[in-house]
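Taking it in order: structure first as structure tokens, then the write-up.
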Amino acid sequence: MSPLIVNGRTEKEIIKACLQGDRQAQRDIFHMYAGKMMAVCLRYSRHRLEAEDILQDAFVKVFTHLHEFENFGSFEGWVRKIIVNTAIRNNQKKSFIQEEIGLEHVKEESVGPEVFSTLSEEELIKLISALPEGYKMVFNLFAIEGYSHKEIGELLNIEESTSRSQLMKARRMLQEKVNELYTIAV
Amino acid sequence: MNQLDKIFKHKLEHYHADFHDDAWNKIEARLPKAKKSNRFFWPILSLVLVLLVAGRSAFYFNDSEVQTGKNNSTSKPDILAQTTSDNIKSELTAQTIFDIAHTENVLSPQINCTAKNGWNMHASTKSETTSLDIENEDQHEHMGYNVSLQTVALNHRVSFEIEAIDNVPLNTFSNSPSNKLKFVTAIGGKEPVAKACPFVLNARDKSMDVYYSSDFICKSILGPESLNSYKGIRNETELPMYSFSAGFRFGYNLSYRWNLHTGLNYSQINEKFRYIDPESNSTRVITIKDYIYDNGRIIDSIVTEKTVIVPGTTIHTVYNKIRTIDIPILARYTLMANRHMSLSAVSGVFINVASYQKGMILSHVDNKPVDVLQENTDGNIMYKTNVGISLYGGLSMAYHLSGNTDFLLEPHYRWQTESMTHESYPLDQKINTFGLTIGLRYKF
């Protein structure tokens, strides 16, 4: 949870100062949310460097579009939305190389989902990052951000049925990865 | 949402990851430059200049502050210089009042002096050296003072010395411990004081000013609260730059202190519009050449063009200009004047003749950059072509360079009475200016 007061100022006061170009306030906002948003970026990217780029691009947008933020909403939610949109856009830029993965080789589930609870956050992020781009996007948006398939379809410019299908495939692939880990561990 | 989704959501939704220490520096480098606190630079500079000049003026005026009494001549004498005591300046005039009556012969003035403790001095200096009568309110005494009078006809200065004899102290007249006081003063209306001084009769009554002003912009954008964010982004994207005014004005001396000025003024307000569009697309045309082979040899080629949209960031930098031509109608009231300079208050109106704008701003419809000359739905452009009347106020200091030429220094404020924007535009915009004018005044 972000602190309500940073350097003697509330979030609202800091945002107001940011709008007036106060550099210290902008730095405070960045440090308030950078850790949490970096975790979001890592889930949408293939590696840390790409996540860093998304984080920077997104925060530049946050500060240049701050005047568009309506104060009655959650500021963190607004920032998170920009992070996700930036990540999607970043993915679309490089998506001329589409990755298609067949599912013929995917094994049936052999370990229960509770195994995922034993994994650390870093390990879970690595699992997501290793997914093909399309699966990764849909899984992140649906499972963690809470978007519906309809919203995902509009965001990614795909059919709802494609979103459902890719979610299913993502889950299976994650299961397969865990099975591999479990097998090695055993 | 199945069990697997819930586990991921639960563990990752509020997870914090480490980020690179340098991340903020990289972001900061890409942000628009933070506003520097130079907002008060020009007002402070101008205030300092005004205080300096006012202080200097006060020094001059206080230095020559001598009351004049009865006058038996048609021309009132100007008492311009001060007293020295054995060539050391003393502050006599604060307590000692001189009345040098101007006679037909400027070389033989009468000198009356009221000393600080009620003593009066009368000296009729028919000759170069004369005795001095000293009396107080209760008794009349002749005391042992010698007055020697020297006149310098060239510039009508008179100097006289009071020398104590018989050990009579001179502190009757001053705090100086010296027993010999030397007074230097000047009399006569023929002293070559600057003609702009309104206290000199026969001053020239017409003048012509040519001036240039460095202007500091005080921009005001007003409108409904619902447009606060739009106002904010306009203020962020439109940065004030060096602005100026220039022009000329004729002056006419209406009366002893009042002058009227009118002429033509050109003002140019400069701003820098800088906007970073983070989600702009650029269109690229790619030429593709396909070769047709036959047995390993190229026999033909097909050239096709493909248009692709490349997402990216566009930085718009445009130098906005707002130009106005006005007719100033100003009244000037002289507050103080001496032979070196004068200080006046100036106020009046600037009647706009024409106004022209060029550049870009963000649209209130979609926050995208638009040309200021782009027509609104009602067919009007955003800015008016005539911005009406501005109010003008300032302090004008004229330093007399010669008998008919003054150097002008005039800090001023100009306030627009009406909005520059049409009614169809949702915000009212005024650009008021604080400026410092320098110029030359020629009197004829």
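Where a number appears in this text, it was derived from the coordinates with a stated rule and is not lab data. Please read these numbers as outputs of a predicted model, since none were measured by experiment. Please note: Cβ atoms are built from the backbone with ideal geometry, for glycine as well, and neighbour counts cover all protein chains shown.
Let me confirm one metric for peptide A:15-21, namely the mean number of other chain beta-carbon atoms within 10 Å of its residues' beta-carbons. Before the final figure, lay out each step's value.
Numbers: counts 0, 1, 0, 0, 6, 5, 9.
For this peptide, the per-residue mean of nearby foreign Cβ atoms is 3.
For peptide A:128-137, how many partner chain Cβ atoms fall within 10 Å of a residue's Cβ, on average? Intermediate results must be reported in sequence, preceding the final value.
Values: counts 2, 0, 0, 0, 0, 0, 0, 0, 0, 0.
Shielding by partners across A:128-137 averages 0.
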Subject >> Positive-end residue, region A:114-185 charge dipole about Cα centroid, Cβ charges, pick of A:SER165, A:VAL115, A:LEU141 >> reply: A:SER165
Original post:
Between B:LYS206 and B:ASN404, what is the label-to-label distance in nm when each label sits 7 Å out along the Cα-to-Cβ direction?
Top reply: 1.1
Original post:
How are the C-alpha pair distances of region B:369-416 spread across 10 Å bins, as whole percents from the shortest bin up?
Top reply: 20, 23, 21, 18, 13, 5
Subject >> For region B:199-271 and region B:369-444, distance of Cα centres in Å >> reply: 4
Original post:
Given a cut-off of under 8 Å on Cα pairs at least six residues apart, what relative contact order in percent is computed for region B:244-317?
Top reply: 30
Original post:
Binning every alpha carbon pair distance of region A:114-185 at 10 Å from zero, what are the percents per bin?
Top reply: 20, 50, 24, 6, 0
**OP:** Return the long-range amide H neighbours of B:LYS384 (sequence gap of 5 or more, or a different chain), with a cut-off of under 5 Å between placed amide H atoms.
**Re:** B:THR421, B:HIS422
Original post:
So, with +1 on the Cβ of K and R and -1 on the Cβ of D and E, and no other charges, what is the size of the charge dipole of region A:5-93 about its Cα centre, to the nearest 20 debye?
Top reply: 220
Subject >> Vicinal HN-Hα couplings computed from phi for region B:426-440 (Karplus, 6.51 cos²θ - 1.76 cosθ + 1.60; Hz; Gly/Pro x) >> reply: x, 10, 9, 10, 10, 10, 8, 10, 10, x, 10, 9, 10, x, 10
**OP:** First measure r as the distance between the Cβ atoms of A:ARG89 and B:ILE351, then evaluate 1/(1 + (r/R0)^6) with R0 = 56 Å and state the FRET efficiency to the nearest 0.05.
**Re:** 0.60
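Calculate how large, on average over all directions, the projected area of the Cα convex hull of region A:5-93 is; give the answer in nm² to one decimal.
Values: hull surface 22.4 nm².
The Cα convex hull of region A:5-93, projected and averaged over all directions, gives 5.6 nm².
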**OP:** Express in % the proportion of alpha carbon pairs of region A:25-68 at distances exceeding 15 Å.
**Re:** 41
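Tell me, in nm to one decimal, what length is gained between B:TRP258 and B:GLN3 on full extension, where the rule is 0.36 nm per residue of separation less the Cα-Cα distance?
On the way: separation 255, 0.36 × 255 = 91.80 nm, distance 9.05 nm.
Roughly 82.7 nm would be gained on extension.
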Original post:
Direction-averaged shadow area of the convex hull around the Cα atoms of region B:251-320, nm²?
Top reply: 10.6
Original post:
If you count, for every residue in B:259-271, the Cβ atoms of partner chains within 10 Å of its Cβ, what is the mean?
Top reply: 0
Subject >> Cβ crowding within 10 Å averaged over residues, with A:51-58, B:393-400 ranked highest first >> reply: A:51-58, B:393-400
